[in-house]
Amino acid sequence: EQMIAESAYYRARGRGFMAGDELQDWLAAEDEIDRLLLNQA
């Protein structure tokens, strides 16, 4: 969960922390981390 939180933070930072897209940032971060972990397996 820490990896997802960090990824979501960097996504939010990249878009200037504009409000309203927090859930999308989190879901995209989950997808990204899931793919990374699956590729390492």
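Taken together, the values in this text are just the output of simple stated rules run on the coordinates, not laboratory data. Keep in mind that what you see is a predicted model, and the values were worked out from it rather than measured. Virtual Cβ from ideal backbone geometry, glycine too; neighbours counted across all protein chains shown.
Numbers below:
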quantity: Trypsin sites (Lys or Arg not before Pro) within the chain: DSSP coil, no more than 12 neighbouring Cβ in 10 Å; calculated: ARG15
quantity: Chymotrypsin sites (Phe, Trp or Tyr not before Pro) lying in DSSP loop within the chain, provided at most 15 other Cβ fall within 10 Å; calculated: PHE17
quantity: Mean residue ellipticity (222 nm) of the chain, computed from DSSP H runs ≥ 4 via -39,500 (n - 2.57), nearest 500; calculated: -26000 deg cm²/dmol
